[in-house]
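Encoded as structure tokens, the structure appears first; notes follow it.
The values are calculated or read from the model by the stated rules, or taken from the named source; none is laboratory data. All of these numbers come straight from a predicted model, not from anything done at the bench. We place every Cβ from the backbone using ideal geometry, glycine too, and count neighbours over all the protein chains shown.
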């Protein structure tokens, strides 16, 4: 009997999770059963992926940098990576603004719906925590994101997946210094990280055996704990515009793969699909990073010295799906609550702010909503309307977060292939 490929197993788990979730949502005790007996398996899987993310970054990145032998090559690759990531993010924001201005989803939301959303979500604890975090981010100086890159305690940074950029900065510094000292003295440490990298890759293989069951658990939990269906239907037009934009970004990536890498887009999507499906299930680029690196290296043929640098950096600064969502969500909220603020100047500010906000944003679920508040604040959106604006889109944020994380991960893989092609 032919062995079923991993991506098909994950898709089966995904579909079963949705179906079982819908069935359990109709049972009085279905929600509590799901939370108590199904959700923990998904949580364990995500924790395992997060557990190995930092060791994987350190082992893989140091191996990649130390294998370069030439620092100038690393500098060239770094500049190309950042430039391409910025370019794809700008494309995503422009696509988002074009769609939201063309379809105008905010014009279909009635005052009654706005009032219902306000009453339902304004006191939500998760929403309030995002408002608090955004307020803290706004109070920081303009160069704070550069300060945040440099850790004061690397052990503390390694203990928090939100500090991934700090771990990358330290690891790059360590890798470059390995190149600058005598090769014989550097060899023991390099051998250690080479061995660590191999062990972590084997851990990924073992963890991925559990992936289909974890996806089932995660999707069933999302469906059972989803919000009021009436509200979801009311926001369907807005959600549809976001989905169209995210699909167009996937089309853009496939175009880049076809034209610049000279590979079939279908081949690309097939081989990256397990990482996409996990990104969809976990809503976390950081949790998906180990799988993304494994797929890109083993199945897309990207050199380790490229993937070990491009992908961890991308998981932190490349938020194409999130930036596209921010552009659409910001204008949508303005269409509903502050139509007088819709002008060309403010939309230019949205492009710049969304681009800057994506750099250093945590690669974890819900980070996009915090970034959205920063974008709205930059255009002078009335502060008293900010909580209402957030409540307006809160109901559909979770499914859209799943989709935009999928696009973020696909973008990381695309840029890795583009850099790999240019390095050859």
- Taking only pairs six or more apart or across chains, which ones have beta-carbon atoms under 9 Å, a first residue in region 283-301 that is free of Cβ contacts under 8 Å to residues at least 40 places away in the same chain, and a second residue that is part of a loop (DSSP other than H, G, I, E, B)? 297/303
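To keep it simple, each residue is scored yes or no on (1) buried (at least 16 other Cβ atoms within 10 Å of the Cβ); (2) touching a residue at least 12 places away in the same chain (Cβ under 8 Å); (3) over 18 Å from the mean Cα position of the chain (by Cα).
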| site | (1), (2), (3) |
| --- | --- |
| 238 | yes, yes, yes |
| 247 | no, no, no |
| 253 | yes, yes, no |
| 256 | yes, yes, yes |
| 259 | no, no, yes |
| 273 | yes, yes, no |
- Which of (1) at pLDDT 95 or above; (2) under 21 Å from residue 358 (Cβ atoms) does residue 258 not meet, given it meets every other one? (2)
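One line per residue, one yes/no per condition, for (1) part of a helix (DSSP H, G or I); (2) within 14 Å of the chain's Cα centre (by Cα); (3) under 22 Å from residue 242 (Cα atoms):
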| site | (1), (2), (3) |
| --- | --- |
| 286 | yes, yes, no |
| 331 | yes, no, yes |
| 350 | yes, no, yes |
| 381 | no, no, yes |
| 393 | yes, no, yes |
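In region 294-329, what residues are within 14 Å of the chain's Cα centre (by Cα) and more than 21 Å from residue 148 (Cα to Cα)?
Kept after step one, since they are within 14 Å of the chain's Cα centre (by Cα), are these residues of region 294-329: 311-326.
Of everything in region 294-329, those that are within 14 Å of the chain's Cα centre (by Cα) and more than 21 Å from residue 148 (Cα to Cα) turn out to be 320, 321, 324, 325, 326.
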- Message: Just to be sure before I move on: is residue 323 surrounded by fewer than 24 Cβ atoms within 10 Å (Cβ to Cβ) and touching a helix residue (DSSP H, G or I) at 6+ places or on another chain (Cβ under 7 Å) in the structure I sent?
- Response: no
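Each row is one residue, and each column tells you yes or no for (1) in a helix (DSSP H, G or I); (2) in contact with a helix residue (DSSP H, G or I) (Cβ under 6 Å, 6 or more places away or on another chain); (3) buried (at least 18 other Cβ atoms within 10 Å of the Cβ); (4) at pLDDT 90 or above.
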position: 120; (1), (2), (3), (4): yes, no, no, no
position: 141; (1), (2), (3), (4): no, no, no, no
position: 146; (1), (2), (3), (4): yes, no, no, no
position: 164; (1), (2), (3), (4): yes, yes, yes, no
position: 186; (1), (2), (3), (4): yes, yes, no, no
position: 192; (1), (2), (3), (4): yes, no, no, yes
position: 197; (1), (2), (3), (4): yes, yes, yes, no
position: 215; (1), (2), (3), (4): yes, yes, yes, yes
position: 220; (1), (2), (3), (4): yes, yes, yes, yes
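Applying the selection to region 366-389, what residues are farther than 15 Å from residue 354 by Cβ and either buried (at least 21 other Cβ atoms within 10 Å of the Cβ) or at pLDDT 85 or above (or both)?
Our first condition is that a residue be farther than 15 Å from residue 354 by Cβ; within region 366-389, this holds for 366, 380, 382-389.
If the condition is that a residue be farther than 15 Å from residue 354 by Cβ and either buried (at least 21 other Cβ atoms within 10 Å of the Cβ) or at pLDDT 85 or above (or both), then 380, 382, 389 are the ones that fit.
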- Looking at (1) surrounded by 15 or more Cβ atoms within 10 Å (Cβ to Cβ); (2) under 30 Å from residue 375 (Cα atoms), find the lone condition where residue 34 falls short. (2)
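Is it true that residue 395 is at pLDDT below 90, crowded, with 21+ Cβ neighbours inside 10 Å and over 22 Å from residue 236 (Cβ atoms)? Break it down into steps so the answer makes sense when it comes.
Details: at pLDDT below 90: yes; crowded, with 21+ Cβ neighbours inside 10 Å: yes; over 22 Å from residue 236 (Cβ atoms): no.
Criteria not met by residue 395.
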